[in-house]
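Each remark here refers to the structure printed beneath this line.
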Amino acid sequence: MGQHVIKTYWHENEFQQNTYIIELEDECILVDAGCPTNIIDDFIKKPIVAIFITHAHFDHIKYIEDYDRLNIPIYAHKNALQILSDERLDASNMFDQPTRFYIENIQTIDEGEIKNFGVEINAYYTPGHSSDSMSYLIENDLYSGDTLFSEAIGRYDLATSDKNDLIASLKKLQNLKFNKLYAGHGRTSNFNEQQHNIDYWIKTLQK
Ligand SMILES: [Zn+2]
């Protein structure tokens with residue numbers, strides 16, 4: 001296991017999406033692309049070798065085309081391909097910011113895949129908030145996108161949402177052992193806190 005440092009960039013717009021910078025010895029990887037490339041440069045001077053997208057809602061991939069132009073490999077679930085190129089599916093339409101994204105360096109990733117960039121990235125398919133939602137276990141920390149927040153869960157009334165899928169995904173996350181929870185919005189949480197939170201939300205959704 002390599003030593004790494006997590007930095008969060010909290011974008012100061014109405015959506016306040018988190019972008020995580022995982023700084024390794026000589027390089028770094030990102031989870032989501034909700035912050036501009038120059039902000040990343042301010043944080044770190046190491047090359048970005050991969051970006052893992054939790055889902056293709058527009059706030060989380062707001063600057064993805066800029067990273068794509070730098071030829072950085074972008075990993076996302078195959079359903080993201082359709083979502084990111086459709087302003088209804090990527091939810092930008094709802095907020096009067098219709099955006100279609102065009103990305104060339106996209107590589108699909110799915111349940112059970114493990115990527116190694118000096119740290120192991122374990123991929124879990126966790127649909128429900130959107131049909132392309134992925135969660136990533138990186139070393140012992142969980143990056144849950146908009147599936148799970150520190151005190152809540154993601155919306156399940158959007159274009160590619162599915163409530164039953166979300167219940168199944170939360171059960172999947174409940175069975176994972178993790179240290180910290182790094183969500184798509186809001187503060188960082190941890191495993192102990194989440195045992196209550198996930199349980200509460202599964203029960204609430206099942207009512
Ligand atoms: Zn979302």
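Couple of notes before you dig in:
- Positive-end residue of Thr108, His55, Leu137, charge dipole of the range 5-206 with Cβ unit charges: Leu137
- J(HN,Hα) series, the range 139-148, from Karplus relation 6.51 cos²θ - 1.76 cosθ + 1.60, nearest Hz, glycine and proline x: 6, 10, 10, 9, 10, 9, x, 9, 6, 9
- Extension gain from Lys7 to Phe191, taking 0.36 nm per residue of separation minus the Cα-Cα distance: 64.3 nm
- Projecting the alpha carbon convex hull of the range 5-206 along each direction and taking the average yields 10.0 nm².
- Qualifying lysines (Cα of each under 20 Å from Cα of Lys7; at least 8 residues distant if same chain): Lys45, Lys46, Lys62, Lys180
- Its Cα gyration tensor gives the range 73-120 an equivalent ellipsoid, and the semi-axes of that ellipsoid, as √(5λ) in whole Å with the largest first, are 26, 11, 9.
- Between Lys177 and Lys203, the distance separating the two model label sites (each 7 Å from Cα on the Cα→Cβ line) works out to 2.6 nm.
- Highest to lowest packing among 178-189, 46-57, scored as the average C-beta count within 10 Å: 46-57, 178-189
- Loop-resident trypsin sites (Lys or Arg not before Pro) (DSSP state other than H, G, I, E or B) in the range 1-87 with no more than 15 further Cβ atoms inside 10 Å of their Cβ: Lys45, Lys78.
- Neighbour counts of other Cβ atoms within 10 Å put Leu166, Leu148 in the fewest-to-most order Leu166, Leu148.
- A cut-off under 13 angstrom between Cβ atoms defines the neighbours of Asp162, and their net charge, with Lys, Arg +1 and Asp, Glu -1, is -1.
- Vicinal HN-Hα couplings computed from phi for the range 30-42 (Karplus, 6.51 cos²θ - 1.76 cosθ + 1.60; Hz; Gly/Pro x): 10, 10, 6, 9, x, 9, x, 5, 6, 5, 4, 4, 5
- Between Phe95 and Asp157, the contour length at 0.36 nm per residue exceeds the Cα-Cα span by 20.9 nm.
- Computed from the Kirkwood radius of its Cα pairs, the Stokes-Einstein diffusion coefficient for the range 37-147 at 4 °C and 1.567 mPa s stands at 90 µm²/s.
- More than 21 angstrom apart: percent of Cα pairs within the range 112-207: 25 percent
- Its DSSP H runs of at least 4 residues, each contributing -39,500 (n - 2.57), put the calculated 222 nm mean residue ellipticity of the chain at -6000 deg cm²/dmol, to the nearest 500.
- With Cα atoms defining each centre, the range 179-206 and the range 122-176 are spaced 10 Å apart in the structure.
- Surrounding net charge for Ile48, when Lys and Arg each add one and Asp and Glu each subtract one, Cβ distance under 13 Å: -3
A short reminder: the numbers here are calculations on the coordinates, not readings from a lab. Bear in mind that the values here come from a model prediction, so they are computed numbers and not experimental data. Don't worry about glycine lacking a Cβ; one is built from the backbone with ideal geometry, like all the others, and counts go over all protein chains shown.
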